[in-house]
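The values are calculated or read from the model by the stated rules, or taken from the named source; none is laboratory data. Just so it is clear, the structure is predicted and the values come from calculations on it, not from any experiment. Here the Cβ is made from the backbone with ideal geometry for all residues, glycine too, and neighbour counts use every protein chain on show.
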Amino acid sequence: MRVALLSDIHGNHMALDAVLYQVENERPDMILVLGDVATIGPEPRAVLERLRSLNARFIMGNHDRVLLDPTQKKAMRIAPILYPDVEWCRGLISRKDLAFINTFEERIDIPLEGNDRLLAYHGSPRSEVENIYPTSDDQQLADLLPDDATRVYCGGHTHIQMVRNYKGKWLVNPGSVGQPFHHTPMNGEAPLLLPHAEWALLEWRAGHPEIRLIRTSYDTAAYRRILQESELPIREWLLLQYK
């Protein structure tokens, strides 16, 4: 079983195209998209159209949920500075797009071999807005992870790539396709973005995973031109990230 893991595309169609070119060359058995596909990027409609064309399964992220129900911004922990970007995105996308997002799943449970299973989610197995970090301690993980036959946990949300082993269970975060973070923002600081796309490829063989965390280059100068032509409210901040 070979699974391509993508997360947190955030309306960056150029990064998504570069990643999918590599994914197609790898010919995985399954593509899992772990949520947050359209908001806070300049091309939400193009991203959603491309995703609809895939033979993939999709997880509901916190940003996806607020597109369906904008009254959930606070509950979904959307930073108030991003509210205009969420509304801008909602104003662009169609009813067809919203119907597609409404098909996204909260969790996806996939059989591997024997009793072993893979569980996919956005933030944690119980919530779109909880974080699992490389630095999360054992007690936090014990609280967040169910004690069952799951051997591989796959989530996004943090925009930070990660592979961890916890008591024989593997935790994988593919990072962010559209807006990967340089480090985990602390004490309210703004994130610093990296100039590439991120994803992961997981292969399950004889009871053990082989996990590749992948960084994919794309034309960030061309992406800047797309941003410059966009009316995305957060455009100026994004342009500073891709100097």
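Any residue that is within 13 Å of ILE211 (Cα to Cα), aliphatic (A, V, I, L, M) and buried (at least 17 other Cβ atoms within 10 Å of the Cβ) - is there at least one of those in segment 143-158?
Checked segment 143-158: at least one residue is within 13 Å of ILE211 (Cα to Cα), aliphatic (A, V, I, L, M) and buried (at least 17 other Cβ atoms within 10 Å of the Cβ).
Looking at ASP148, is it without any contact (Cβ under 8 Å) to a residue 40 or more places away in the chain, within 26 Å of GLY207 (Cβ to Cβ) and either touching a helix residue (DSSP H, G or I) at 6+ places or on another chain (Cβ under 6 Å) or acidic (Asp, Glu) (or both)?
Numbers: without any contact (Cβ under 8 Å) to a residue 40 or more places away in the chain: yes; within 26 Å of GLY207 (Cβ to Cβ): yes; either touching a helix residue (DSSP H, G or I) at 6+ places or on another chain (Cβ under 6 Å) or acidic (Asp, Glu) (or both): yes.
Yes; evaluated as a whole, the condition is true for this residue.
Residue by residue through segment 25-56, note down the ones that are surrounded by fewer than 17 Cβ atoms within 10 Å (Cβ to Cβ) and either within 12 Å of PHE104 (Cα to Cα) or in contact (Cβ under 8 Å) with a residue 60 or more places away in the chain (or both). Walk me through it before giving the result.
First, pick out the residues of segment 25-56 that are surrounded by fewer than 17 Cβ atoms within 10 Å (Cβ to Cβ): 25-27, 29, 45, 49-50, 52-56.
If the condition is that a residue be surrounded by fewer than 17 Cβ atoms within 10 Å (Cβ to Cβ) and either within 12 Å of PHE104 (Cα to Cα) or in contact (Cβ under 8 Å) with a residue 60 or more places away in the chain (or both), then GLU26, ARG52, ALA56 are the ones that fit.
Determine if segment 131-140 includes at least one residue that is under 24 Å from VAL37 (Cα atoms) and free of Cβ contacts under 8 Å to residues at least 24 places away in the same chain.
No, the conditions are met nowhere in segment 131-140.
So if I check each of VAL172, VAL163, which one is surrounded by fewer than 17 Cβ atoms within 10 Å (Cβ to Cβ), among the hydrophobic types (A, V, I, L, M, F, W, C), under 18 Å from LEU119 (Cα atoms) and modelled with pLDDT of 95 or more?
Exactly one of VAL172, VAL163 is surrounded by fewer than 17 Cβ atoms within 10 Å (Cβ to Cβ), among the hydrophobic types (A, V, I, L, M, F, W, C), under 18 Å from LEU119 (Cα atoms) and modelled with pLDDT of 95 or more, namely VAL163.
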